[in-house]
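The values are calculated or read from the model by the stated rules, or taken from the named source; none is laboratory data. Fair warning: this is a prediction, and the values are worked out from it, not measured in the lab. Backbone-built Cβ (ideal geometry, glycine too); neighbour counts: all protein chains shown.
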Amino acid sequence: MVRSRRVADNRQRPLPFADPGGAAAPAAAGVLFHGDSLALARAWPAASLDLVYVDPPFGTGSVQRGRRGAYADRGDDPEAHVAWLGPWLEASRAALAATGSLFVHLDWRAVHHVKVHLDHLFGRRCFAGEVVWCYAVGGKSRRGFGRKHDTILWYGRTPGWAFYPDQVRVPRRGGSHMRVVRDADGRAVQEKTDRRTGRVYRYPVAAGKVPEDWWADIETLNHSDVERTGWPSQKPERLLARIVDAVTVPGGAVADWFGGSGTTAAVARRSGRRWVTADAAAEAIAIMRARLAGVEPHTRVDDAVAAFRARP
Ligand SMILES: C[S@@+](CC[C@H](N)C(=O)[O-])C[C@H]1O[C@@H](n2cnc3c(N)ncnc32)[C@H](O)[C@@H]1O
């Protein structure tokens with residue numbers, strides 16, 4: 001029997017409505033920092049960023065290895081992990097503009113601990129939501145359901161966080177409970193009738209829809225993916241493009257204090273957002289330089305901040 005697997009394939013799926021990387025936008029300038037990014041985050045100008053995305057070491061207690069490098073994933077004590085990560089989260093909050101957002105990418109080991117910390121730090125009114133990023137590639141467990149999702153926590157700097165739904169629309173799915181009919185102009189619309197009120201709801205197919213908070217249409221990178229740089233735990237550009245497009249516009253400013261292979265910066269650069277990223281590992285910096293058009297890394301915090309201020 002041939003089993004069909006409904007696995008999203010980044011190479012074959014159509015691009016979301018908002019082209020990740022916004023083809024029309026000119027490449028934006030940015031700042032690359034080599035070193036411990038906590039000092040950089042703490043020194044970052046207040047209220048200057050529209051988005052901070054972080055994909056920190058998850059606290060697995062192991063070493064993450066890739067073809068072109070490795071990094072230690074910290075100890076597996078969740079409280080120690082939160083205590084370690086907390087200062088970056090506090091610095092990020094200070095660096096965000098009033099309409100800015102923090103996205104923290106975690107997995108099942110740490111997410112609940114970090115969420116409690118963020119509720120205290122930002123206040124629950126600033127909790128904008130959590131994205132469950134679903135994928136299927138990789139090993140399976142024989143002792144339970146495969147752990148095939150990460151959780152990305154989203155907090156606004158204030159309850160007035162920016163959100164641009166029209167930049168992240170995705171195609172409407174066929175085969176849902178709604179039937180597809182033609183409207184008076186001949187356009188395909190999905191239609192449903194509220195049984196209680198009799199009210200008819202119509203959604204033009206061509207307009208797409210704003211995604212739910214679970215994303216199953218972006219697969220994690222597999223070994224032969226063209227995007228693959230060889231850095232462990234590299235995230236797909238489509239994932240970052242959706243986040244960048246959801247909360248920023250071209251000309252905005254994006255930070256990633258745990259840059260790794262530079263996914264966030266590559267997406268921000270291509271889509272006309274100013275960017276700052278960093279990594280402590282020399283191999284990661286080499287990969288990012290190649291990916292970010294040869295940009296020279298700063299090793300002094302003051303120089304990195306000055307470079308950002310010089311390009312408003
Ligand atoms: C999960 S990886 C990030 C992967 C990245 N999102 C990507 O798409 O390639 C975490 C990164 O944090 C870096 N890192 C860990 N501690 C750091 C620190 N104190 N300062 C800067 N970078 C650090 C590691 O070297 C590693 O590259």
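For this structure, a couple of remarks:
- Boolean, R270 is away from the ligand (no atom under 13 Å from the Cβ), modelled with pLDDT of 95 or more and farther than 27 Å from E90 by Cα: yes
- From the list S48, S101, S141, the one residue that fits, being of a type in the set (S, T, N, Q) and more than 30 Å from A306 (Cβ to Cβ), is S141.
- One residue from R270, R242, R172 being on the phi < 0 side of the Ramachandran plot and crowded, with 23+ Cβ neighbours inside 10 Å: R242
- Among (1) more than 30 Å from A310 (Cβ to Cβ); (2) over 17 Å from the mean Cα position of the chain (by Cα) - the single one F58 does not satisfy: (2)
- Across the stretch 284-301, the number of residues qualifying as under 13 Å from H34 (Cβ atoms) and within 21 Å of the chain's Cα centre (by Cα) comes to 6.
- Among residues of the stretch 190-245 being away from the ligand (no atom under 16 Å from the Cβ), farther than 21 Å from P171 by Cβ and among the small types (G, A, S), the one that is modelled with the highest pLDDT is G198.
- Yes/no for G260 being surrounded by 17 or more Cβ atoms within 10 Å (Cβ to Cβ), at pLDDT below 95 and not aliphatic (A, V, I, L, M): no
- Filtering A281, A265, A304 for residues that are over 14 Å from the mean Cα position of the chain (by Cα), within 23 Å of A70 (Cβ to Cβ) and either surrounded by 24 or more Cβ atoms within 10 Å (Cβ to Cβ) or within 16 Å of the ligand (Cβ to nearest atom) (or both) leaves a single hit, A281.
- Top-ranked residue in the stretch 31-55 [being part of a loop (DSSP other than H, G, I, E, B) and more than 18 Å from the chain's Cα centre (by Cα); ranked as surrounded by the most Cβ atoms within 10 Å (Cβ to Cβ)]: W44
- Pairs linking a residue in the stretch 155-183 that is within 24 Å of V131 (Cβ to Cβ) and part of a loop (DSSP other than H, G, I, E, B) to a residue that is modelled with pLDDT under 95 and among the β-branched types (V, I, T), with Cβ atoms under 6 Å and 6 or more positions apart or on different chains, are R172/V205.
- Taking every residue in the stretch 54-67 that is within 21 Å of V276 (Cα to Cα) and pairing it with any residue that is assigned to a loop (DSSP other than H, G, I, E, B) and more than 7 Å from the ligand (Cβ to nearest atom), at least 6 positions away or on another chain, the pairs with Cβ-Cβ distances below 9 Å are P56/R74; P56/A110; P57/D73; P57/R74.
- If you go through the stretch 104-129 and keep only what is touching a residue at least 60 places away in the same chain (Cβ under 8 Å) and surrounded by fewer than 18 Cβ atoms within 10 Å (Cβ to Cβ), you end up with just G129.
- Count of residues meeting criterion [of a type in the set (A, V, I, L, M) and part of a strand (DSSP E or B)] in the stretch 56-109: 9
- Test for V244: is it over 30 Å from V63 (Cα atoms) and not in a loop (DSSP other than H, G, I, E, B): no
- Hits in the stretch 11-55 - residues which are charged (D, E, K, R) and modelled with pLDDT of 70 or more: D36, R42, D50, D55
- Hey, F145 surrounded by 15 or more Cβ atoms within 10 Å (Cβ to Cβ) and either among the aromatic types (F, W, Y) or out of contact with any Ser or Thr (no Cβ under 6 Å at 6 or more places or on another chain) (or both) or not: no
- Evaluating V254 against the criteria (1) within 16 Å of the chain's Cα centre (by Cα); (2) in a loop (DSSP other than H, G, I, E, B) leaves one unmet condition, (2).
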